[in-house]
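The structure appears below as structure tokens.
Read the figures in this text as sums done on the coordinates, not as results from a lab. Note that the structure is a prediction, hence the values are computed from the model and not measured. No Cβ is skipped: glycine too gets one built from the backbone with ideal geometry, and neighbour counts run over all protein chains shown.
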Amino acid sequence: MHKKIIHFIFNLSRGGAETMMVRVIKELPEYEHVVVTLFPGNNFGEELACKKWICLNINSLLALPLAFFKFRKLVKAEKPDIIHTHLFWPTFIARFAVPKRIPLITTIHAFIATSGEYKHWYIRFLDKLSYKFRKSIIIVVAKGALDEYFSFLNLEPYKAYALYTFVDVERFNVDKIAAEKSNSAFKLVAVGALRLQKNYPYIINAMALIKDKNIELDIYGTGNLQTELQQQIDSTGAKVFLKGEVNNIEAIIPQYDLFVMSSTYEGFSLGILEAMAMRMPLLLSDIVSFKEQCENNAWYFSLADVQDAASQIVALSSADKNTLLQKAEAGRKRAINNFTLAHHISGLRKIYDEALSNTD
């Protein structure tokens with residue numbers, strides 16, 4: 001009989017945490033998987049290969065007390081062997097709702113000191129309070145983020161592991177994809193939900209500074225900032241195009257000349273890893289997580305100076321192609337050597353096995 005894992009997450013939009021969870025479930029057939037979400041909607045369709053998906057159907061975060069009682073009742077009914085939470089609110093609920101006899105594992109997907117969510121004093125307070133009440137096993141998606149989680153909240157670690165986010169190098173293998181570049185312009189691509197942390201207004205402003213150049217940026221993703229961003233594009237005249245969400249991004253990325261991301265903070269960006277695996281040159285904001293991911297295999301710009309990004313885009317548009325390809329090839333090798341699905345699954349199996357052994 002398979003051991004049962006409840007995976008508890010905010011929703012099933014196509015963000016990095018959600019994509020990682022869905023992919024991991026496929027690779028662990030030895031477990032029975034139940035996915036629980038706070039909010040409705042499933043952007044993954046049949047990709048979600050779990051035995052059961054249960055939505056708590058809360059209308060807003062004001063209904064969290066109701067979600068707590070619903071989740072506690074669900075845990076009693078499902079009798080899981082492990083509960084694995086992702087993101088803050090599911091983790092907060094689970095720390096108070098899950099009996100101590102059931103191993104509780106939490107994945108932290110961000111460098112919390114720079115996370116927009118953790119700028120709120122009550123988030124920091126509630127995370128610290130809930131961890132002291134129930135010391136869940138912590139998995140963090142980057143080594144730097146692991147140290148930061150405990151130091152920022154001034155907590156003593158119970159059990160904690162750094163387990164890098166991964167890229168599916170078989171799916172994101174540019175050598176298997178027929179995608180020719182037939183660009184008259186120098187084409188940039190950005191991938192990610194249209195939300196504050198991605199800092200799209202910055203890169204749109206950078207593109208506005210060089211709108212007289214034959215350079216264009218396509219952004220793939222959806223989110224609640226779409227109208228606002230389109231208004232900015234229209235008012236500045238920047239050559240930026242919002243392309244919406246696609247399910248075959250691996251066939252799209254190789255059509256471009258340069259991958260850009262201007263995030264103010266990230267955990268360990270799946271979009272960056274996918275671009276690395278696709279042998280794409282990278283131009284990124286100079287935040288800690290990007291530098292841990294890419295080291296010197298990318299170009300970086302200062303978030304304090306939009307002209308810096310604009311100048312580097314222009315310089316790279318006229319740079320020798322071999323310069324871009326060499327950096328891109330080095331990035332692909334780094335991804336293959338360090339950030340594969342196999343690396344992640346191997347590490348996660350060990351964490352699950354250890355957690356279960358302590359309950360036997």
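Compare Thr340, Thr236, Thr165 in a GNM of the chain, Cα atoms joined below 10 Å, and give the one with the largest fluctuation.
Thr236
Taking only Cα atoms of region 243-360, what ratio of Rg to Rh do you get with Rh as the Kirkwood inverse-distance radius? Each step should come with its number before you reach the end.
Details: Rg = 17.1 Å, Rh = 15.9 Å.
My calculation puts Rg/Rh at 1.08.
Given Lys73/Lys119; Lys119/Lys239; Lys135/Lys198; Lys76/Lys135, which pairs have Cα atoms separated by over 22 Å?
From the list (Lys73/Lys119; Lys119/Lys239; Lys135/Lys198; Lys76/Lys135), the Cα-Cα distance tops 22 Å for Lys73/Lys119; Lys119/Lys239; Lys135/Lys198.
If you take every DSSP beta bridge fully contained in region 174-338, what fraction is antiparallel? Give it as a percent rounded to 5.
5
Averaging the inverse of every distinct alpha carbon separation and then flipping it gives the Kirkwood radius. What is it for region 174-338, in angstrom units?
For region 174-338, inverting the mean 1/r across all distinct Cα pairs yields 15.8 Å.
Considering amide H positions built from the backbone, and no H for Pro or chain starts, which residues 5 or more places from Cys55, or on another chain, come under 5 Å of its amide H?
For Cys55, whose amide H was placed from the backbone, the distant partners under 5 Å are Thr37.
Only counting other Cβ atoms within 10 Å, I'd like Glu117, Glu32 sorted with the fewest neighbours first.
Glu117, Glu32
Give a residue-ordered list of calculated ³J(HN,Hα) values for region 134-140 (Karplus: 6.51 cos²θ - 1.76 cosθ + 1.60, θ = phi - 60°; whole Hz; x for Gly, Pro).
Once θ is set to phi - 60°, the couplings for region 134-140 become 9, 6, 6, 6, 9, 10, 10 Hz.
Distances over 35 Å make up what percent of all Cα-Cα pairs in the chain? Write down the numbers at each step before the final one.
Working: 16252 of 64620 pairs.
Looking at the chain, the distances longer than 35 Å represent 25 percent of pairs.
At a Cα cut-off below 12 Å, give the aspartates and glutamates reachable from Lys132, other chains included and same-chain residues fewer than 8 away excluded.
Glu156
About the Cα centre of the chain, how large is the charge dipole given +1 on each Lys and Arg Cβ and -1 on each Asp and Glu Cβ? Please answer in debye to the nearest 20.
Roughly 1300 debye for the chain.
Fewest first, what order do Asp212, Asp308, Asp127 take by the number of other Cβ atoms within 10 Å?
The fewest-first ordering by Cβ neighbours comes to Asp212, Asp308, Asp127.
In which sequence would Cys294, Cys55 go, from the one with the fewest C-beta neighbours within 10 Å to the one with the most?
Result, fewest neighbours first: Cys55, Cys294.
Per q in 0.17, 0.18, 0.20 1/Å, what log10 I(q)/I(0) does a Debye calculation on the alpha-carbon atoms of region 90-221 return?
Here log10 of I(q) over I(0) equals -1.00, -1.05, -1.17.
Within the chain, what is the longest stretch that has no trypsin sites (Lys or Arg not before Pro) placed in a DSSP loop and near at most 12 other beta-carbon atoms within 10 Å?
No qualifying site falls inside 182-360, the longest such stretch.
Which aspartates and glutamates have a Cα less than 14 Å from the Cα of Lys333, not counting those fewer than 8 places away in the same chain?
Asp168, Glu170, Asp175, Glu274, Glu295
Can you list residues from other chains, or at least 5 along the same chain, whose modelled amide H is less than 5 Å from the amide H of Tyr300?
For Tyr300, whose amide H was placed from the backbone, the distant partners under 5 Å are Leu284.
Return the calculated 222 nm mean residue ellipticity for the chain, to the nearest 500 deg cm²/dmol, obtained by summing -39500 (n - 2.57) across DSSP H runs with n ≥ 4 and dividing by the residue count.
-12500 deg cm²/dmol
Could you work out the per residue convex hull volume over the alpha carbons of region 273-331, in cubic angstrom?
Per residue, the Cα convex hull of region 273-331 comes to 69 Å³.
Using the Karplus curve 6.51 cos²θ - 1.76 cosθ + 1.60 with θ = phi - 60°, what ³J(HN,Hα) values do you get for each residue of region 291-301, in whole Hz, with x for Gly and Pro?
Result, rounded to whole Hz: 6, 5, 5, 9, 6, 9, 9, 8, 9, 10, 10.
Search the structure for amide H atoms under 5 Å from the amide H of Lys4, placed 1.01 Å from N in the peptide plane, and list their residues when 5 or more places away or on another chain.
Glu32, Asp81, Ile82
Where the convex hull is taken over the Cα atoms of region 117-178, what is its projected area averaged over directions, in nm²?
6.1
How large is the translational diffusion coefficient of region 10-56 in µm² per second when you combine the Kirkwood radius over alpha carbon pairs with Stokes-Einstein at 25 °C and 0.890 mPa s?
In µm²/s, the coefficient is 228.
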